[in-house]
Structure formats: C-alpha cells, structure tokens
Amino acid sequence: MSLPDSLLRLIEELQRLPGIGPKGAQRLAFHLLRTPREQTERLVDALRDVKERVTYCSSCNNITDVDPCAFCSNESRDRTIICVVEEPQNVAAIEKTREFKGTYHVLMGALSPLQGIGPDDLKIKGLLARVVNGVREIILATNPNVEGEATAIYLARLLKPLGVKVTRIAMGVPVGSDLEYADEVTMHKSLEGRREV
C-alpha cells in the first residue's frame, strides 16, 4: 500500500524523536490522522509555543521561560553552593527532595568520547566563570554511569585548583531494594559512601 507523501513525511519526522522507531512512528502518525482536527491543532500549538517561549537560562543553562530562571533570580537561594547536573530534567529530580537550597548548573550532557562528546561540547566554561564569584562548594550530581563518572572526575580536576570544595553525590543501594539484587559496583559505592548513625 502506497501512503500519501505528507503521511510519509510525518512518519519520517516522528522517527527522529528519541525512543521512537519506525513502527512507533507509524502508530503515532496513524493516531494523529484519526484524531479530531482541534486536538491535533492543540498539539501543534503546544509544540510551537514551547519553541517560541522556552529557552535556556543565561546563567545556569536550565530550561526557563524567563531569563534568568527562577532558581538564579531567587534571592533566598544559597549562591555559594552550585549543584552540577547533566540535563535540565535532573534539576526537577533534585528539587523534588526539597532539601537543596543552592543554585544549579546544567552541563547539557556528559563526556562521552565514543559518541564524540568532549569538554568543549558541554557548558563547562560558564561553570568555571561562576566559581570565581564567591562559590564555596560544587556538588557533582552527574549520573552514576561511565559517562557521568568520567565527567565528575574531569570537573573535579578542573575545579579543585580554584580553591573550591568539590563533593560528589552519594550512590548505592536504593531504599526499598534488597541487597541480593545489588551489583558489585553498587555495593562497593554503598560501602564506600557509608556514614555514621
């Protein structure tokens, strides 16, 4: 069966989205085709609105619709502590705890030589520029995987000579899990990051 060119183009564009393969793109395209026009127009308007209004904070690189973002412009946040994360969605995960009262810096990725992502591809220069303004601690909250660890080690080597305290988030066995399911690296990190009770 030959599909109309406009439908083929939609399938092609949907396939470019992360996690959407050919079959998924085709299912989405046919779903949109069956959807009432008003509903599809709301989706198009929402996409357009995001592209026109949402940007990145000029200070921390977090997503925002005002610049600087709500975290950077909030006078009650502790500007002497910066939590470094890989992606904007990581900020939301940390904010859910309601424990962190400092500011953030979003790297927009992690070092990954195999994917061709080096230090110049990340927002590291902005972080180094912020450190000279009275920052006393940098918390490295990169993901606990190979790329996140490499990024944390690289940043620690850059930041320590600047006289700032550099810490790494604790890692280990998640709450509600059984020890028998923990892998060797997780158990190692759990023992290494233990604290007195």
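What follows draws every value from the coordinates through simple rules; no lab data is involved. Predicted, not measured: the structure shown is a model, and the values here were computed from it. Every residue, glycine among them, receives a Cβ derived from its backbone with ideal geometry; neighbour counts consider all protein chains shown.
Built from the Cα atoms of region 1-54, the convex hull projects on average onto 4.4 nm², one quarter of its surface area.
Exceeding 25 Å between C-alpha atoms, which entries from my cross-link table qualify? They are Lys23/Lys96; Lys101/Lys160; Lys125/Lys160; Lys101/Lys125; Lys165/Lys189; Lys51/Lys123. Those over the limit are Lys23/Lys96. Per the Debye calculation on region 76-191 with a single equal scatterer at every Cα and no solvent contribution, log₁₀ I(q)/I(0) for q = 0.10, 0.23 Å⁻¹ amounts to -0.32, -1.36. Given their separation in residues at 0.36 nm each and the Cα-Cα distance between them, Lys23 and Lys96 gain 22.8 nm when the chain is fully extended. Using Cβ point charges alone (K and R +1, D and E -1), the dipole size of the chain about the Cα centre works out to roughly 380 debye. As a length-normalised measure over Cα pairs under 8 Å and 6 or more apart, the relative contact order of the chain settles at 13 percent. Taking only the alpha carbons of the chain, we obtain Rg and Dmax values of 21.3, 68 Å in that order. Sites counted here are trypsin sites (Lys or Arg not before Pro) in a DSSP loop (not H, G, I, E or B) having no more than 12 other Cβ atoms within 10 Å; the longest part of the chain that contains none of them is 102-193.
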